[in-house]
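Input: a single structure, listed below in structure tokens.
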Amino acid sequence: MAAPLLLVVLVAVTVRAALYRSSLAAFISERVEVASPLNAWKRVVEGLALLDLGVSPYSGAIFHETPLIIYLFHFLIEYAELVFMITDVLTAVALYLAIQDFNKVVFKKQKLLIELDKYAPDVAELIRTPMEMHYIPLKVALFYLLNPYTVMSCVAKSTCAINNTVIAFFILATIKGSAFLSAVFLALATYQSLYPLTLFAPALLYLLQRQFIPIKLKSKSFWLYTMQYAALYLCSLVVIVCLSFFLLNSWDFIPSVYGFILSVPDLTPNIGLFWYFFAEMFEHFSLFFVCVFQINVFFYTIPLAIKLKEHPVFFMFVQIAIISIFKSYPTVGDIALYMAFLPVWSHLYRFLRNTFILSCVLIVCSLLFPVLWHLWIYAGSANSNFYYAITLTFNIGQILLISDYFYAFLRREYYLSHGLHLTRQDGTEAMLVLK
């Protein structure tokens, strides 16, 4: 499998290198779908210029990245293109290795459940085979490296690519069962963009399963392990934040990075749900609705943890998708990360209801983004309503796609336990409905 992966990596690097040398690079880097006020490369360059002049990069309202990022590029600014290509490759390799291990765990669990006679007798066609799972890690790497969203994010030198790499290594460490590395990478991901805090729950559930600790609130071992993992996570986060303070000798980065993410003061158009809504809102209502919008990312974590406590990796996939949809400054690079996981759930395709329609919606919206932007900003023949309409359609498409996968996953799990051919008490055929 190493040879096909190497071929995919070579193709991906070649495509990126060619685009870096083309006239498209400048166009892509200016696209609001690819770069946000948080992760735009030109803002990193501005921050570096201020740092070189001996001025705090957080003294103005331009730079909103973390101190570790600015110090990373302080030394590697000449090799920025290479850094972003390497981060994409590292992300793909980390996901490849993570899914390889995950497939082994899935197959062992499936074999055990078959031996324990936990599956219904007529579900042989739903049982996954090693042959169909063999190429899934390669498909995941392919979906990430050659996804146009990932390519554009890399060419624009959006720091979202670095966030994706950190999250990919967090996923790899979690699936490998390393609580320490999982906590460290989760702390680093939280430090970078705050929202990965919600990935604490699926990571903990997976690690508890790896340790064969029952997920029961009355269990002492459950609470002991939870506190250990939480302590590792919090200690790692404190160390990273303190390191940032020592680098800058100032706490200015906290309001400039995390305050900026939470309060959403910059209403530059993007593919998110915040900008238009708050641009049209009266100032005295904004605090309440900022809280309402921000809580969306965190609100679904507990119900999903209850429903998917036996399936933490699927929970992680759904949570990453929720973050990419409901965060305050999303870009297409965020979407590319959860889309890379779609081949992992290829066994759900038979239960999906609207795949073709939703795929068309996402593709058409992606193509219409630059068209409607041009009509609004340059031609003057449209207004912000047109651009926000396509943004809203794009996000609704994503929500329906994730809902479809969620329904398909629960439906397959139900069929495995109760059989494919469901009947009512009177012997007539029953239909499975998700409520």
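A short reminder: the numbers here are calculations on the coordinates, not readings from a lab. This one's a predicted model, so the numbers in the text were calculated from it and none came from an experiment. For neighbour counting, all protein chains shown are included, and Cβ atoms are generated from backbone atoms with ideal geometry for every residue, glycine included.
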Semi-axis lengths, Å, the stretch 16-138, gyration tensor of Cα atoms, sqrt of 5 times eigenvalues: 47, 17, 14
Round to the nearest 10 and give me the degree value, 0 to 90, for the angle of helix 67-76's Cα axis relative to the longest principal axis of the chain. 70 degrees
Post the alpha-carbon centroid distance, the stretch 162-201 to the stretch 384-403, in whole angstrom. 28 Å
Listed by chain and number, the lysines with an alpha carbon less than 25 angstrom from that of K139, same-chain partners under 8 positions apart left out, are K104, K108, K109, K111, K157, K176
Computed, not fitted: 222 nm per-residue ellipticity of the chain from DSSP H runs ≥ 4 (each -39500 (n - 2.57)), nearest 500, equal to -21500 deg cm²/dmol
Between the stretch 258-281 and the stretch 231-256, how many Å separate their Cα centres? 25 Å
Given Cβ point charges of +1 (Lys, Arg) and -1 (Asp, Glu) and nothing else, what value in debye, to the nearest 20, does the dipole of the chain about its Cα centre take? 1200 debye
Degrees, to the nearest 10: 220-248 long Cα axis against longest axis of the chain: 10 degrees
What are the ³J(HN,Hα) values, in whole Hz, obtained from phi via the Karplus relation 6.51 cos²θ - 1.76 cosθ + 1.60 with θ = phi - 60°, for each residue of the stretch 330-340 in sequence order, with x given for Gly and Pro? x, 9, 5, x, 5, 5, 4, 5, 6, 5, 5
Pick from L90, L112, L204 the residue whose mean-square fluctuation is largest in a GNM of the chain, springs joining Cα atoms under 10 Å. L112
Could I have the simple spin-label model distance between D117 and V15, label points 7 Å from Cα toward Cβ, reported in nm to one decimal? 5.0 nm
Express the relative contact order of the stretch 1-145 as a whole percentage, based on alpha carbon pairs under 8 Å and six or more residues apart in sequence. 28 percent
Placing +1 on the Cβ of each Lys and Arg and -1 on the Cβ of each Asp and Glu in the chain, which of V257, T66, L97 has its Cα farthest towards the positive end of the resulting dipole? L97
What residue among L375, L116, L401 has the largest mean-square fluctuation in a Gaussian network model of the chain, using Cα springs under 10 Å? L116
Between helix 2-20 and the chain, what is the angle of the helix's C-alpha long axis to the longest principal axis, kept within 0 to 90° and rounded to the nearest 10? 30 degrees
Determine the gain in length on full extension of the stretch A389-H418; use 0.36 nm per residue of separation and subtract their C-alpha separation, reporting nm with one decimal. 6.2 nm
In a Gaussian network model over the chain where Cα atoms closer than 10 Å are linked, find which of L287, L400, L97 has the largest mean-square fluctuation. L287
For the stretch 18-50 versus the stretch 300-332, the gap between their alpha-carbon centres in whole angstrom: 28 Å
In order through the stretch 84-91: 3J(HN,Hα) via Karplus (6.51 cos²θ - 1.76 cosθ + 1.60), integer Hz, x for Gly, Pro: 5, 5, 5, 4, 5, 5, 4, 4
J(HN,Hα) series, the stretch 298-307, from Karplus relation 6.51 cos²θ - 1.76 cosθ + 1.60, nearest Hz, glycine and proline x: 8, 5, 7, 4, 5, x, 5, 4, 5, 6
